[in-house]
Amino acid sequence: MQQLLEKFLEKQFPIEYKLHVVDDFLRSRYNATEIPKSSMADLQADTQVNFAHIYKCYVINDLDILDRSFTEFEKSMHAEYKQSHQSSSLDSEWERIQSGQLIRVILESNYTDTLSSFTVQGMCMNIVQDLTILKGVSSADVHADNPYFNQYLQILQARGYL
């Protein structure tokens, strides 16, 4: 862990990212398209989402990008879903999400210009890790004894940044 911490400090990574950086990243890396918050009204009942704090919502439906982004395990889960739902035409968004044809991303901000939370609807660990990086860490958390920060460093390493 100490090596990762030293690399992190040496590379002078930002510890938080502005919302416009997160927006640009999602659009350029994943070809994400913004959708209206009103189209995600079902999130008002989601206890994991603070609907009032939603900054932006996106869909990612570029099949080539999704295919490159999914792990082999995720691809196998999508294939299993498709196999068990062969009679279905996968018309609903939830069916498309379950089959790996669509990811929805919801970004939240606590009235600041940084990301405070996010939700990924669909199984894609790479997107979750990228958003975790972009959520950042508080300067108070940047020390080797913090398990959250250690996990953050491991994600940076797994994604090739350290």
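Numbers at a glance
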item	result
Cα gyration tensor of the range 11-89 - equivalent ellipsoid semi-axes, whole Å, descending	27, 21, 13
Relative contact order of the chain, pairs being alpha-carbon contacts under 8 Å that are 6 or more residues apart, as %	29
Angle between the chain longest axis and helix 72-84 axis [Cα atoms, degrees, rounded to 10]	20
The range 9-162, dipole about Cα centre (Lys/Arg Cβ +1, Asp/Glu Cβ -1), debye to the nearest 20	160
Of all accessible heavy-atom area on the chain, the percent that carbon and sulfur account for (1.4 Å)	49
Three principal axis lengths of the chain [C-alpha, angstrom, descending]	53, 35, 28
The range 56-113: translational diffusion in µm²/s, Stokes-Einstein, Kirkwood Rh over Cα pairs, 37 °C, 0.692 mPa s	260
Options Ala52, Phe118, Tyr161, ranked by Cα towards positive dipole end of the chain, top entry (Cβ charges)	Tyr161
Accessible area per residue, Å², the chain with all protein chains present, probe 1.4 Å	55
Label-zone membership for the range 49-84, site Ser38, 7 angstrom Cα→C-beta point, backbone N under 20 Å	51-59
Across Lys11/Lys135; Lys82/Lys135; Lys37/Lys75; Lys18/Lys75; Lys37/Lys82, pairs whose alpha-carbon gap is larger than 25 Å	Lys82/Lys135; Lys37/Lys75; Lys18/Lys75; Lys37/Lys82
The range 109-150: proportion of alpha-carbon pairs further apart than 17 angstrom, %	43
With DNA, RNA and ligands ignored, accessible area of His85 (1.4 Å probe; Å², nearest 10)	60
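The values are calculated or read from the model by the stated rules, or taken from the named source; none is laboratory data. What you are looking at is a predicted structure, and each value in this text was computed from that prediction instead of being measured. Glycine also receives a Cβ, built like all others from the backbone with ideal geometry; neighbour counts cover every protein chain displayed. Keep in mind that these areas ignore ligands, DNA and RNA; they rest on the heavy atoms of the full protein, side chains included. Shrake-Rupley method; radii C 1.70, N 1.55, O 1.52, S 1.80 Å.
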